[in-house]
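Contents: one structure, followed by commentary.
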Amino acid sequence: TITLAAAATSALRPSRTASAALTAAATWAVLGGTSLAREAGVIGRALEAGDIDGARARLPHLCGRDPQSLDADGIARAVVESVAENTSDAVVGALVWGGIAGVPGLLGFRAVNTLDAMVGHKSAKYRRYGWASARLDDVAGWPGARLTAALATVAGDDPRGAARAWRTDARKHPSPNAGPVEASFAGALGVRLGGTLSYGGRVEHRPVLNGDGRAVAVPDIARAVRLSRRVGLLALGVSVAGRLLVKGRKS
């Protein structure tokens with residue numbers, strides 16, 4: 001993927017119009033912010049209408065939680081956590097690598113992230129392969145996760161709370177990248193994230209993030225989506241500026 005993207009970039013470099021079109025197409029292909037907001041919105045509207053069965057049926061489109069054991073607020077918490085994590089994975093991380101390495105960075109990050117989603121820790125058959133994929137994804141996602149956390153702190157309703165939750169709770173999370181992102185979102189929104197959850201029939205007890213916050217409620221889904229959009233727009237600006245700086249140094 002990276003090799004083909006690099007070859008296409010090199011071939012189209014003499015034409016600014018073609019290069020811009022390639023970059024736009026690659027960016028459109030790899031970013032998932034629109035679908036993330038859409039899926040979260042569908043679930044949020046179902047919950048607001050009292051259609052918990054519909055929300056449960058839709059939740060697997062967004063995350064891997066077991067929906068049948070969740071009430072409305074439990075589904076809302078799952079959605080907010082997924083919106084936070086995927087803001088980094090599906091939006092900011094790709095933009096960061098696009099800013100660093102152009103189209104090859106965009107497509108390479110998406111390939112790594114997709115590989116982790118497909119085989120990372122999924123089965124005994126692919127355990128060793130999945131472990132390597134998950135570690136590669138951790139490395140690739142590291143800068144995007146920190147930028148996401150920083151931008152959520154700046155763009156959220158409670159910058160001090162976001163910074164405090166990021167500083168004190170991020171390292172408690174089992175994921176080195178989801179921790180800063182979910183903690184900063186929790187602080188920015190003033191809610192508690194983490195706690196008991198279920199994946200594929202397996203129950204996990206994760207540390208609570210921003211323990212001083214209130215429990216997540218259904219209206220927090222829309223707030224999380226708005227924060228995600230603000231973070232994505234800010235990340236786009238940062239990445240474009242970074243890409244222009246990289247090109248300026250090369251010229």
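The values are calculated or read from the model by the stated rules, or taken from the named source; none is laboratory data. Just so it is clear, the model here is predicted, and its values are computed rather than measured. In this analysis, Cβ positions are derived from the backbone assuming ideal geometry, glycine residues included, and neighbour counts consider all displayed protein chains. Ligands, DNA and RNA are stripped out before the accessible areas are found, and what is left, the full protein with its side chains, is counted by its heavy atoms. Shrake-Rupley method; radii C 1.70, N 1.55, O 1.52, S 1.80 Å.
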*Positive dipole terminus of the chain, leading residue within Asn210, Leu233, Thr196 (C-beta point charges)*: Leu233
*Any idea which of Pro180, Val80, Ser10 is furthest toward the positive side of the dipole for the chain, if Lys and Arg beta-carbons carry +1 and Asp and Glu beta-carbons -1?*
Ser10
*Give the carbon-plus-sulfur fraction of the accessible surface of the chain in %, rounded to a whole number; probe 1.4 Å, heavy atoms of protein chains only.*
60 percent
_Under a Cβ-only charge scheme (Lys and Arg +1, Asp and Glu -1), can you give me the dipole magnitude of segment 1-101 about the Cα centre, in debye to the nearest 20?_
620 debye
_Just to confirm, what accessible area per residue do you get for the chain at 1.4 Å probe, in whole Å²?_
51 Å²
*What angle do you read, to the nearest 10 degrees and between 0 and 90, between the alpha-carbon axis of helix 127-155 and the longest principal axis of the chain?*
90 degrees
